[in-house]
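Asker: After the structure tokens below, expect a handful of questions from me.
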Amino acid sequence: MLVTTTNTVEGKRILEYHGLVAGEAILGANIFKDLFASIRDIVGGRSGAYEQVLTDARKTAVADMCDEASRLGANAVIGVDIDYETVGSNGSMLMVTAAGTAVRIE
């Protein structure tokens with residue numbers, strides 16, 4: 001499955017549009033990741049634990065989007081947008097949404 005943020009695929013013609021497809025992933029960070037991230041905030045540096053959670057959530061959302069596109073008969077998703085949000089009463093959950101247009105290209 002070809003996935004692109006552009007609205008066209010260079011050198012390929014779009015044969016069919018199958019509509020909007022999306023994938024969502026909501027993941028929670030645990031108390032230990034929160035603790036170590038807080039320490040990183042104080043001393044500086046990157047939070048590997050949170051970066052891994054973000055990566056996992058993005059991959060899950062894109063995979064779900066591609067699965068939906070495949071079920072519709074598409075072989076590509078164009079115009080993909082990925083959004084990140086925190087949800088929950090204290091913002092302890094991370095939601096990643098990937099959305100685009102499912103198409104069949106030549």
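The values are calculated or read from the model by the stated rules, or taken from the named source; none is laboratory data. Everything quoted here is computed from the prediction, not taken from an experiment. No Cβ is skipped: glycine too gets one built from the backbone with ideal geometry, and neighbour counts run over all protein chains shown.
Asker: Hey, can you tell me all the residues within the stretch 1-29 that are closer than 26 Å to GLY88 by Cα and either over 18 Å from the mean Cα position of the chain (by Cα) or part of a strand (DSSP E or B) (or both)?
Answerer: Across the stretch 1-29, the qualifying residues are VAL21, ALA22, GLY23, GLU24, ALA25, ILE26, LEU27, GLY28.
Asker: So the check is Cβ under 8 Å with 6+ separation or different chains; which pairs have a first residue in the stretch 63-76 that's of a type in the set (Ser, Thr, Tyr) and a second one that's exposed (fewer than 15 other Cβ atoms within 10 Å of the Cβ)?
Answerer: What qualifies is SER70/MET1.
Asker: With modelled with pLDDT under 90 and not polar (S, T, N, Q) as the only criterion, which of GLY44, GLY11 stands out?
Answerer: After applying the criteria, what remains is GLY44.
Asker: Can you pull out every residue in the stretch 54-106 that is surrounded by 15 or more Cβ atoms within 10 Å (Cβ to Cβ) and acidic (Asp, Glu)?
Answerer: Correct list: ASP64, GLU68.
Asker: If you scan the stretch 48-84, which residues turn out to be within 11 Å of the chain's Cα centre (by Cα) and of a type in the set (D, E, K, R)?
Answerer: ASP56, ARG58, LYS59, ASP64, ASP81, ASP83
Asker: Right, something else. So which residues in the stretch 3-26 are surrounded by fewer than 14 Cβ atoms within 10 Å (Cβ to Cβ) and under 30 Å from GLU51 (Cβ atoms)?
Answerer: Once the filter is applied, which keeps residues that are surrounded by fewer than 14 Cβ atoms within 10 Å (Cβ to Cβ) and under 30 Å from GLU51 (Cβ atoms), the stretch 3-26 yields THR5, THR6, ASN7.
Asker: Return the pairs, sorted by first residue and then second, in which the second residue is modelled with pLDDT under 80 and assigned to a strand (DSSP E or B), the first residue lies in the stretch 82-103 and is farther than 11 Å from ALA61 by Cα and of a type in the set (D, E, K, R), the beta carbons are less than 6 Å apart, and the residues are 6+ apart or on different chains.
Answerer: Nothing qualifies.
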